[in-house]
Amino acid sequence: MHAITDWLSGLSGPVVYAVVAALVFVEDALFLGFVVPGETAVVLGGFLAHQGRVSLGLMLLVVVLAAVLGDSVGYEVGHRAGPAILDSRPMRRHRERIAGAQDLIRRRGPAAVFFGRFVAFFRAMMPALAGMSHMPYRRFLLFNALGGLVWGVGFTLLGYFAGAAYSRVEGLVGRALAIALAVLVVAALVVWHLRRRRSESDPPPDSGDDRS
């Protein structure tokens, strides 16, 4: 994660938007949620917005659009080639989790599309599974857009406010560290003093030599 942070921080504003959008889009459209840090990229995008590197409003728009479009592509891919994809070697390792996602879509339908957005594995697989199940696209799009809106705005703002909190904490960290060290030193001295008093008050051990 530090490598991604440093890399994004070194990019110019327009490139940051493009990279965050690409990571979010690819995570949803190409079933790469296992390896592509889309959610992390969104949080970092919000963090960079707080630093003034990018616009918060534009970052929110980019993230939401990338999420909705990525899911729509994933839906279409699942609708046309879902069974072949699920039978591929990388997907075989996730059979149980995929079966659970399929069961969730059968039982919950559109609600699974909305709530699946907030779980990494489901976020990657749910659009394709919705396409495979022949869920009407308009219904899918409605709940996909709602999920993308809530998720995109929520995690971007999470990064933004985390940046604000970090700025405040950064100024206090020296004082907090000093206080913590002082508390540890005082506690160590108290424990040492109590143990010393206890050892002085304990009677000496019986030598066992009673001649009376």
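The values are calculated or read from the model by the stated rules, or taken from the named source; none is laboratory data. All figures in this text were calculated on a predicted structure; none of them were measured in a lab. Neighbour counts run over all protein chains shown; Cβ positions are idealised from the backbone, glycine included. Only protein heavy atoms, including side chains, enter the accessible area calculation; ligands, DNA and RNA are left aside. Shrake-Rupley method; radii C 1.70, N 1.55, O 1.52, S 1.80 Å.
Per-structure values
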read-out: Accessible surface, region 106-146, averaged per residue in Å² (probe 1.4 Å); value: 51 Å²
read-out: Using θ = phi - 60° and Karplus 6.51 cos²θ - 1.76 cosθ + 1.60, couplings along region 51-65 (whole Hz; Gly, Pro as x); value: 6, x, 6, 9, 7, 5, x, 5, 5, 4, 5, 4, 5, 5, 5
read-out: Spin-label pair VAL119/LEU30, simplified geometry with 7 Å Cα→Cβ offset, distance in nm; value: 2.5 nm
read-out: Label-to-label distance, nm, for residues given as ARG53 and ARG106 (7 Å Cα→Cβ offset); value: 4.6 nm
